[in-house]
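Working notes, beginning with the structure itself.
The values are calculated or read from the model by the stated rules, or taken from the named source; none is laboratory data. Because the structure is predicted, anything quoted here is derived from the model rather than measured. Cβ: placed from backbone, ideal geometry, glycine included. Neighbour counts: every protein chain shown. Note: areas computed on protein heavy atoms with side chains; ligands, DNA, RNA excluded. Shrake-Rupley method; radii C 1.70, N 1.55, O 1.52, S 1.80 Å.
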Amino acid sequence: QGDRYVRSAVVLMATDYGTGIGGPTDLPAQWYYASGLKNLGNNIARRLMTPRGSMSWALTEGYDVRNLVNLEATARNQAAAEAAIAAEVERDDRVVSCEATITRVTPQSILVALVITASDGTFPLVLSVDSLTVAVLG
């Protein structure tokens, strides 16, 4: 009998990031569903506009970026906030890593730019934030 060769195939499958209500809030102007990385981005945006402790089933989840608008603009505060945002995003099991950058646009508004790495690749997420609203820009 000749040599036997065992061949193995590696099958790459896309990660299932779930399907949920489209839009970063639970009450979008029009109802639609999002799946894949779009759903993951929406979930992260929701996570970053949820005050910690406000959900009885997840008291340690959430980070409300709206609180950063009135934070004193020092290098130390910015670095701490960027690290806290990245850490909160990385709490989502679907996220491998996150880099966060905060830019002050006006005295009453900031941009939070995220570079998120998930198992299927890296994608940006940009949030426009003022003391009342968080809007997903990209």
request  = Between beta-carbons, use under 12 Å as the cut-off and find the net charge around ARG104, counting Lys and Arg +1, Asp and Glu -1.
outcome  = -2
key: Residues whose placed amide H lies under 5 Å from that of GLU61, excluding near-sequence neighbours   = GLY53
task = Convert each backbone phi in region 68-76 into a coupling constant with the Karplus relation 6.51 cos²θ - 1.76 cosθ + 1.60 (shift: θ = phi - 60°), then list the ³J(HN,Hα) values in order as whole Hz, x for Gly and Pro.
result = 7, 4, 9, 6, 4, 7, 10, 4, 5
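Leaving ligands, DNA and RNA out of it, report the carbon-plus-sulfur percent of the accessible area of region 39-126 at a 1.4 Å probe.
Working: 2490 of 4530 Å².
That fraction is 55 percent.
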message = Can you report the principal axis dimensions of region 49-90 using only the alpha carbons, biggest first, rounded to whole angstrom?
response = 34, 21, 11
